[in-house]
Amino acid sequence: MTLTVLWVALSSSGATAAREVLDPGAMVRWGLPAATTVHHLAMSITWAGLVFATTVVPRSTPAHGARTPGAEHPAFARVLNVAAGAAAVWTLAAVAIIVLSYADTIGAPVSGSTEFTGQLGYYVTRLIPGQAWAVTAVMAALTTTLAVLARSPGPVTATTVAALAAVIPLSQLGHVAGVDDHNGAVNALALHLLGAGIWTGGIIVLALLVPLLTTPQATHGVLVRFSALAAVAFVVVAVSGVINTVYRIGGWDGLASGYGALVIAKTIATVALGVLGYLNGRVIAAGPASRGRVWRLITVEAFILCAVMALGVALGRTPTPVPLEREPDITAAEILTGYLLPPPLSASGWVTQWRLDWLWIAVAILAACLYLAGARRLRYTRTPWPVARTVAFLAGLVLLVYVTCGLPAVYAPILFSIHTTAHLLLAFPVPLLLIAGRPGLLAAALVPARTDGSTGARELTTAWRTSRTGALMAHPIPAAVLVLAGLGVFYYTPAFALALHTHVGHELMNTTALVLGLIFAAAVLVPPRDRAAVHTQALTLVGTATALGLWAGATALSPALIQPEWFSGLGRDWGPAPLADQQSAASSILLAGALPLLATALAVLARRPQADTPVIDNGTVKDTHHG
């Protein structure tokens, strides 16, 4: 069915028509989209198999007696074997695409001649499409090896992360290269690939597990977990699909083109999948007795999802209504940042200047939905949940979106002072607000512990808290040293240049600042057990603010410009000179970093030591010191 849909879509769109010049031949014109379809399906199954092994299927069978651990569950063994096999196919498909896409680029049939192979190395190492596919092939091969060897929780989780990371090079492909907002298009495509891959592969893997889920309890547990995962994936696919279409189709007139027809067909199929998913969710919620109907719906979903994936491949090969060939970058700012130089910084710009980062918007929306759903559910247990916590958490998410999408995101590559403002907001105020909302406590009150050996949110947090690193970072002073060291390493090593020059480096910077900030905030905001703990937390906050103050002083007095090639080469003809702007960043460090820390220290001193406060944990009274 997948190949049939692919053939019809490619034929109707004209994507495989012979070229008048530099035609690579029918084998390349048809072989490349076929290989891409196989690649996407194999990658999706690999991703889903590893995600299932990490968090969906039981890891072990029930134990026989207190001293006899359960054996490895057949479903767990199967998903890892399926993931390893699919990863091998994924690797071969990626290698085939390298050769076929090279032939498509140079407009020559595949052959073993010197003329054909002579520039293949250049294509793989110097051109973005070749680099992206080469990196993908290497990551697929690495995933294959790890999936064969991994069995314990840590290695399986690491393999899953390594496999999902392949979305980074793949998001550089497609029709994103020519859009004006390249970074936004890359993030939207990455989200679309992740959502579609885990959803499609998950349905296929689920179908392969039918014979091994022999008990109603095991079946129901797996279906409930995957249903929640599929619901998130559906929303991500739908929203990111709309965003990608807006980037590529131009306007409503574009729907009348061949590309638009494929978009309409894919949209209808996606909506149908959403309806099926909703019906499936209702059947699953009805209980284990509805197992037969669930599997019938899943089978239908699998066929439609494969067809949708084929439509997606055809879209990638079909010219967009508006040619996405950007004008050559002619200004220094465009060459370095990929964007036109923004207007001079003004007071109104703090409200009007936006550059949407869909990755962080998605993270914020998902976190808000989970938190609000948890708080609502907790009220049903008649357990009080202070409104101030909800307000703090949502305020942290709003600030996160503003820092990554508002004026700081627009001007951070242009002004060092704004860059430090954004970085410090992500490292301190945002995490402090989020942790003040006590999301860990909310999760501890509602998320049940798993007894089948699989890994959920609760198991992950428990593993972190009980690890040596987690136990060390639960203390305020080591956590403060970590976050300060992260700032120093970033600004005074090549990591800063990586964040400025590459989109991946920029997102890694944001992620690292937020994660280190969350570790620090969790350590200094954990409910204190006595006055000594209160004083330790407050002194740590004051000490961290002091360290930032020293950094501010050094920045104000420094005669050396950090990353001079970048900040002096932007062609900026407004505002202070690069060195003067860098020296003015001392104010940014104090306002965005030191001041919030001092305010938090005062709030901590105002708190009273708390004895353990019990909350309802699925009917069990539980310690609340989870941060």
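Here are the numbers:
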{"quantity": "For the range 216-227, Karplus couplings with θ = phi - 60° (6.51, -1.76, 1.60), whole Hz, Gly/Pro x", "calculated": "x, 5, 5, 4, 5, x, 5, 5, 5, 5, 5, 4"}
{"quantity": "For residue 181, distant residues with modelled amide H under 5 Å away", "calculated": "none"}
{"quantity": "Inter-label distance for residue 17 and residue 116, nm, one decimal - labels placed 7 Å from Cα along Cα-to-Cβ", "calculated": "2.6 nm"}
{"quantity": "Efficiency of FRET from Cβ geometry, residue 105 and residue 207, R₀ 41 Å, rounded to 0.05", "calculated": "0.65"}
{"quantity": "The range 526-558 versus the range 397-459: alpha-carbon centroid distance in Å", "calculated": "20 Å"}
{"quantity": "Stretch in the chain that is longest and holds no GluC sites (Glu not before Pro) that DSSP places in a loop and that have at most 13 other beta carbons within 10 Å", "calculated": "21-324"}
{"quantity": "Range in the chain, longest, excluding exposed chymotrypsin sites (Phe, Trp or Tyr not before Pro) [loop by DSSP; at most 14 other beta-carbon atoms within 10 Å]", "calculated": "1-353"}
{"quantity": "Structure-derived log10 I(q)/I(0) by the Debye sum over Cα atoms at q = 0.05, 0.07, 0.08 Å⁻¹ - corresponding label in [x] -0.39, -0.69, -0.82; [y] -0.23, -0.45, -0.59; [z] -0.25, -0.51, -0.67", "calculated": "[z]"}
{"quantity": "In the range 334-431, the trypsin sites (Lys or Arg not before Pro) that fall in loop regions by DSSP, at most 16 other Cβ within 10 Å", "calculated": "382"}
{"quantity": "27, 473 arranged by Cβ crowding within 10 Å, fewest neighbours leading", "calculated": "27, 473"}
{"quantity": "Computed lengthening from residue 591 to residue 354, 0.36 nm per intervening residue step minus Cα-Cα distance", "calculated": "83.2 nm"}
{"quantity": "Fewest-first ranking of 271, 82, using other Cβ atoms within 10 Å as the exposure measure", "calculated": "271, 82"}
{"quantity": "Mean ellipticity per residue at 222 nm, deg cm²/dmol - from DSSP H runs of n ≥ 4 across the chain, formula -39500 (n - 2.57)", "calculated": "-23000 deg cm²/dmol"}
{"quantity": "Computed label-point distance, nm, for sites residue 81 and residue 151 using a 7 Å Cα→Cβ extension", "calculated": "1.4 nm"}
{"quantity": "Amide H contacts of residue 59 (H built 1.01 Å from N, under 5 Å, at least 5 apart or other chain)", "calculated": "453, 454"}
{"quantity": "Under the Karplus curve 6.51 cos²θ - 1.76 cosθ + 1.60, θ = phi - 60°, whole-Hz ³J(HN,Hα) for the range 367-383, x wherever Gly or Pro sits", "calculated": "4, 5, 5, 5, 5, 5, 5, x, 5, 5, 5, 5, 4, 5, 8, 6, 9"}
{"quantity": "Estimated inter-spin distance, residue 376 and residue 278, nm [label 7 Å along Cα→Cβ]", "calculated": "1.6 nm"}
{"quantity": "Per-residue ³J(HN,Hα) for the range 524-531, Karplus 6.51 cos²θ - 1.76 cosθ + 1.60, θ = phi - 60°, Hz, x for Gly and Pro", "calculated": "8, 10, 4, x, x, 8, 7, 5"}
{"quantity": "Size of charge dipole - the chain - debye, nearest 20, with Cβ of Lys, Arg +1 and Asp, Glu -1, no other charges", "calculated": "2500 debye"}
{"quantity": "Percent of C-alpha pairs per 5 Å bin, the range 338-622, short to long", "calculated": "1, 5, 11, 15, 17, 16, 13, 9, 6, 4, 2, 1, 0"}
{"quantity": "Chain lengthening between residue 131 and residue 26 when straightened (0.36 nm per residue, less Cα-Cα)", "calculated": "35.3 nm"}
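Where a number appears in this text, it was derived from the coordinates with a stated rule and is not lab data. Values in this document were obtained by computation on a predicted structure and should not be read as measured data. No Cβ is skipped: glycine too gets one built from the backbone with ideal geometry, and neighbour counts run over all protein chains shown.
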